[in-house]
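Colleague: This is the structure, below, for whatever I ask next.
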Amino acid sequence: MSRTTTLNTEQVPADSKPTLDAFSKNIGFTPNMMASFAQSPIAFNAWATLLGSLSKVLDVKTRDSIGLAVSEVNGCNYCLTVHSFTAEHMAKLPSDEIILARRGHATDPKRDAAVQFARKVIETRGQVSDADLNAVRDAGYTDANVMEIVALVAMYSLTNFFNNVFDPDKDFPAVAPAGSI
């Protein structure tokens, strides 16, 4: 059960409304996480701006795979449901790839390096080894790409932490618990 209010249309602060309306129009409905997060126009709009900017980095399969890996490490069931849904329906990742991403891997070697690196970043709180950094560079990622991977880890962690703290009601199909994958 949610530990905060999921706002209805009339309750959304004026400064959050344009951003929430744009998401709702784009997605086709208003996810509970966003209807809750909109309570703070500053935090919500900052997150939305970061999300918009980072939606232009790497490719959608890599971004969704990183989201799955980070959400698994952070134990965020809400984000795992969202990223599993978007990975399947938007990134067109098959279910075995989704499970692999949750474990911090991918079948594509270059994507695998990015997902492994993202998982190392979250597990070590950024204290990655030279070997970790060299592995992602050797896979073909520039330092700018590595910075984008770190930014994705931070952005996904923000939503993971928000959802773990406030536990909005799930509005995407449930996924198997970590121990069963």
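Colleague: Residues Val175, Val121, Val146: which one is in contact with a Phe, Trp or Tyr (Cβ under 9 Å, 6 or more places away or on another chain) and more than 28 Å from Ser2 (Cβ to Cβ)?
Modeller: Values: Val175 fails: more than 28 Å from Ser2 (Cβ to Cβ); Val121 fails: in contact with a Phe, Trp or Tyr (Cβ under 9 Å, 6 or more places away or on another chain).
Exactly one residue qualifies, and that residue is Val146.
Colleague: Assuming Tyr156 fulfils every condition listed in (1) within 19 Å of Ser55 (Cβ to Cβ); (2) more than 17 Å from the chain's Cα centre (by Cα) apart from one, which condition is it?
Modeller: Among (1) within 19 Å of Ser55 (Cβ to Cβ); (2) more than 17 Å from the chain's Cα centre (by Cα), Tyr156 violates only (2).
Colleague: For the subset of region 62-94 comprising residues that are modelled with pLDDT of 90 or more and of a type in the set (Gly, Ala, Ser), which member is nearest to Ser157 (Cα to Cα)?
Modeller: Among residues in region 62-94 that are modelled with pLDDT of 90 or more and of a type in the set (Gly, Ala, Ser), the one nearest to Ser157 (Cα to Cα) is Ser71.
Colleague: Same structure, new question: When you scan region 84-105, how many residues do you find that are free of Cβ contacts under 8 Å to residues at least 40 places away in the same chain, under 20 Å from Ile149 (Cβ atoms) and not aliphatic (A, V, I, L, M)?
Modeller: Let us first name the residues in region 84-105 that are free of Cβ contacts under 8 Å to residues at least 40 places away in the same chain, namely 86-98, 100-101, 104-105.
From what is left, the residues that are under 20 Å from Ile149 (Cβ atoms) are 86-87, 90-91, 93, 97-98, 100-101, 104-105.
Imposing the further condition that a residue be not aliphatic (A, V, I, L, M) reduces the set to 86, 97, 104-105.
Going through region 84-105 one residue at a time, the tally reaches 4.
Colleague: How many residues does region 16-49 contain that are among the hydrophobic types (A, V, I, L, M, F, W, C) and over 18 Å from the mean Cα position of the chain (by Cα)? Lay out the reasoning, then the answer.
Modeller: Of region 16-49, the ones among the hydrophobic types (A, V, I, L, M, F, W, C) are 20, 22-23, 27, 29, 33-35, 37-38, 42-44, 46-48.
Subset that is over 18 Å from the mean Cα position of the chain (by Cα): 22, 29, 42.
Qualifying residue count, region 16-49: 3.
Colleague: Tally up the residues in region 120-152 that are acidic (Asp, Glu) and either touching a strand residue (DSSP E or B) at 6+ places or on another chain (Cβ under 7 Å) or more than 21 Å from Ser71 (Cβ to Cβ) (or both), please.
Modeller: Initial filter on region 120-152 (acidic (Asp, Glu)): 123, 130, 132, 138, 143, 148.
Within this subset, residues satisfying the condition of being either touching a strand residue (DSSP E or B) at 6+ places or on another chain (Cβ under 7 Å) or more than 21 Å from Ser71 (Cβ to Cβ) (or both) are 130, 138, 143.
The number of residues fulfilling the criteria is 3.
Colleague: A further question on this structure: Going by the conditions given, is Arg119 crowded, with 17+ Cβ neighbours inside 10 Å, over 17 Å from Val60 (Cβ atoms) and touching a residue at least 24 places away in the same chain (Cβ under 8 Å)?
Modeller: On the way: crowded, with 17+ Cβ neighbours inside 10 Å: yes; over 17 Å from Val60 (Cβ atoms): yes; touching a residue at least 24 places away in the same chain (Cβ under 8 Å): yes.
When the stated conditions are applied, Arg119 passes them.
Colleague: In addition: So which of Phe85, Phe44 is farther than 26 Å from Asp143 by Cβ, outside the structural domain of Thr159 (by TED's automatic domain parsing) and surrounded by 15 or more Cβ atoms within 10 Å (Cβ to Cβ)? Full working, then the answer.
Modeller: On the way: Phe85 fails: outside the structural domain of Thr159 (by TED's automatic domain parsing).
None of the others qualify; the one that does is Phe44.
Colleague: In region 50-65, which residue that is within 27 Å of Ala174 (Cβ to Cβ) and of a type in the set (Ser, Thr, Tyr) is nearest to the chain's Cα centre (by Cα)?
Modeller: The selected residue is Ser65.
Colleague: Checking the structure you have, find out if any residue of region 66-79 is farther than 20 Å from Glu148 by Cα, polar (S, T, N, Q) and under 13 Å from the mean Cα position of the chain (by Cα). It would help to see each step written out before you state the result.
Modeller: As a first pass, look at region 66-79 and keep what is farther than 20 Å from Glu148 by Cα: 75-78.
Subset that is polar (S, T, N, Q): 77.
From what is left, the residues that are under 13 Å from the mean Cα position of the chain (by Cα) are 77.
Yes.
Colleague: In region 6-26, is there at least one residue being among the basic types (Lys, Arg) and in contact with an Asp or Glu (Cβ under 9 Å, 6 or more places away or on another chain)? Steps first, please.
Modeller: Just the residues of region 6-26 that are among the basic types (Lys, Arg), to begin with: 17, 25.
Filter once more, keeping what is in contact with an Asp or Glu (Cβ under 9 Å, 6 or more places away or on another chain): none.
No, region 6-26 has no match at all.
Colleague: Being part of a helix (DSSP H, G or I) and β-branched (Val, Ile, Thr), is that true of even one residue in region 50-58? Spell out the reasoning first.
Modeller: Going through region 50-58, the residues part of a helix (DSSP H, G or I) turn out to be 50-54.
Remaining after also requiring β-branched (Val, Ile, Thr): none.
Within region 50-58 (the criterion being part of a helix (DSSP H, G or I) and β-branched (Val, Ile, Thr)), the answer is no, since none of the residues qualifies.
The values are calculated or read from the model by the stated rules, or taken from the named source; none is laboratory data. Everything numeric here is computed off the predicted structure, so don't read it as measured data. Every residue, glycine as well, gets a Cβ built from its backbone with ideal geometry; the counts of neighbours run over all protein chains shown.
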